[in-house]
1. Sorting V310, V95 on the 10 Å Cβ count, fewest up front, what's the list?
2. Please give the helix 190-202 orientation as an angle from the longest Cα principal axis of the chain, in degrees from 0 to 90, rounded to the nearest 10.
3. Measure nothing fancy, just the Cα-based angle from helix 310-329's long axis to the longest principal axis of the chain, in degrees from 0 to 90, nearest 10.
4. Return C105, C247 ranked ascending by Cβ neighbour count within 10 Å, so the fewest neighbours appear first.
5. Below 20 Å, Cα to Cα, which aspartates and glutamates can K103 reach? Residues fewer than 8 away in the same chain don't count.
6. Does anyone have the angle between helix 290-307 and the longest principal axis of the chain? Alpha-carbon axes, 0 to 90°, nearest 10?
7. Run the reach check for K79 against lysines, Cα to Cα strictly under 18 Å, same-chain hits fewer than 8 apart removed. What comes back?
8. Over the Cα atoms of the stretch 125-308, compute the convex hull volume and normalise it per residue, giving Å³.
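Values quoted throughout were computed directly from the atomic coordinates according to the rules given, and no laboratory measurement underlies them. In this text, all values refer to a predicted model and were calculated from it rather than measured experimentally. Virtual Cβ from ideal backbone geometry, glycine too; neighbours counted across all protein chains shown.
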Amino acid sequence: MNSELPPCPVHFLPLRRSYDWTAIRMAVKLRRLIRSEQVGIVHTFFETSDIWGGLVARVSGSPVIISSRRDLGIQRATKHDLAYRLVNPCFDRIVAVSEAVRKFCIDKDHVIPAKVVTLHSGIATEQIDAAHHVNGLRESLRLQDATHIIATVAHVRHVKGIDVLIRSAAIVCREFPRALFLLVGGILEPQYFQQLQCLCESLQIGQNVRFVGLSDDVFSLLKICNLFCLPSRSEGFSNALLEAMACGLPCVATQVGGNIEALEEGGGFLVANEDWVAISDRILFLLRNPERAHQMAQVGQQIVAAKFNVQSMVNNLVTLYDDLLNAKCSPLN
């Protein structure tokens, strides 16, 4: 993945807490930066940025303040719910990453519907097309003996439902004993990771499940797989799902959050949350029917290219910025 900095000045304000003396000092620095640079738009992401940054931007006189909401509140505590009720009036627009997240903002945070807009994520397919480290990847990861590879890309956390996928894997491996489930992502919850390892041992599929950790070349990894499965218990809108579709994989995902919007037109199968039997049924169907799997993969690629490309996302965001700035700078305001 490209980690280069953008071609503009980047200011880093270290912040561990949003309610101590360091936070106050950083707030003063941020206010000074907004005013000295005459910042026209402040766009915040995630809870601390929304609550702390939104308030600082408002008292700094920034003309336009936008909040992005990217999940269904899985990181929130009660204090966040209370703080959002205070800070939501500060925002000129709230940008939801999916219709599911938009509905959550309206229902949970009581934001007026006209103030919340949906702007789906976009995938840079050029990077996917350029992923070419496929040859030799099976050998380097010791995957030569696998007849089928089922991938998921997610950090190891309970909300990602990897335990559900492992239970599905046990069913799939009865028919395809050399199928391999490839789990790509960092370990954020070590205790949960230990539980997953014990589950693999108890189901006797330790040789069929591979945790590969973080990867700098996820796209090449996906390209050596046969299908993708996202068993999440909650999702705002999954970039990993879009990337798998763009890589040409048929997908199986739980019917939660934005997954429905990504797969509603035939790019994959949707299954009920927590239902590992249904997940295994869909995986088995795709493994038994490679032509149908290929057709579904092609549909998924077309969906990403038409609806979820990065240029469309940027164009929609720029239009939103322009509209809000023009409205604020209009002589009538």
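1. Listing V310, V95 from fewest to most nearby Cβ atoms yields V310, V95.
2. The angle comes out at about 20 degrees.
3. The angle comes out at about 10 degrees.
4. Going from least to most buried by this count: C105, C247.
5. E47, D50, D71, D81, D92, E235, E261, E264
6. 10
7. K108
8. Output value, Cα hull per residue: 103 Å³.
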